[in-house]
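Following: one structure in structure tokens, then a few remarks.
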Amino acid sequence: MDIEIRQMVDEAELRNSVNVIRESFITVARQFKLTRENAPTNAAFIQLKDLLKMKEKDIHLFGVYKDEIQIGFFTIEQTDNDLYYLNKLAVLPDYRHNGYGKQMLDFVSEYVNRAGGGRISIGIINENLVLKNWYLQYGFTETAVKNYPHLPFEVCLMEKSV
């Protein structure tokens with residue numbers, strides 16, 4: 001059940017990560033009828049240029065590996081001294097329900113704590129109750145529900161203290 005988490009450093013790793021992110025998020029996109037047209041910023045439609053822009057903005061990109069196969073991905077972005085955003089948390093469908101997501105969240109909590117941060121923030125589709133309950137079980141609390149004009153769903157913002 002052990003995984004290796006490592007920071008993405010080159011374009012070849014990011015190229016593979018694009019496929020991992022798309023495959024991981026397309027299940028939710030289908031469930032909530034998201035398309036390139038109605039939700040172009042959804043991770044199911046991510047492109048390499050998007051990851052390269054994140055890297056340029058000093059957002060930390062991480063690949064998750066099981067037996068040298070990339071099975072997951074996530075980003076961590078420091079917004080101020082205390083708050084860090086966790087984005088694009090992805091686990092390939094064939095690897096879900098094996099505890100890898102929890103290991104990833106443990107890594108993020110330790111990373112933020114070591115960096116001197118105090119809180120982790122995420123945003124998810126508000127109607128995705130399975131995912132929301134999973135984050136609640138891990139210690140996140142709902143802080144707000146917002147509508148954004150470019151998204152066809154409500155966004156639930158959640159935070160966890162570390």
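All of 62, 107 fail the test of being part of a strand (DSSP E or B) and modelled with pLDDT of 95 or more, apart from 62.
Here 139, 101 are screened, and the one residue that is in a loop (DSSP other than H, G, I, E, B) and surrounded by 14 or more Cβ atoms within 10 Å (Cβ to Cβ) is 139.
Residues in the range 28-39 that are surrounded by fewer than 13 Cβ atoms within 10 Å (Cβ to Cβ) and under 18 Å from the mean Cα position of the chain (by Cα): 30, 31. Residues of the range 142-151 that are free of Cβ contacts under 8 Å to residues at least 12 places away in the same chain and either in contact with a Pro (Cβ under 9 Å, 6 or more places away or on another chain) or surrounded by 14 or more Cβ atoms within 10 Å (Cβ to Cβ) (or both): none at all. When residue 158 is tested against (1) surrounded by fewer than 18 Cβ atoms within 10 Å (Cβ to Cβ); (2) farther than 17 Å from residue 41 by Cβ; (3) in contact with a strand residue (DSSP E or B) (Cβ under 6 Å, 6 or more places away or on another chain); (4) not aromatic (Phe, Trp, Tyr), only condition (1) is not met. Only residues that are under 23 Å from residue 41 (Cβ atoms) and touching a residue at least 12 places away in the same chain (Cβ under 8 Å) were counted across the range 106-130, and they come to 10. Regarding the range 33-46, can at least one residue be identified that is in a helix (DSSP H, G or I) and over 17 Å from residue 96 (Cβ atoms)? Scanning the range 33-46 turns up at least one residue that is in a helix (DSSP H, G or I) and over 17 Å from residue 96 (Cβ atoms).
The values are calculated or read from the model by the stated rules, or taken from the named source; none is laboratory data. Everything numeric in this text was worked out from a predicted model, so none of it was measured. Note that each Cβ is placed from the backbone with ideal geometry, even for glycine, and that neighbours are counted across all protein chains shown.
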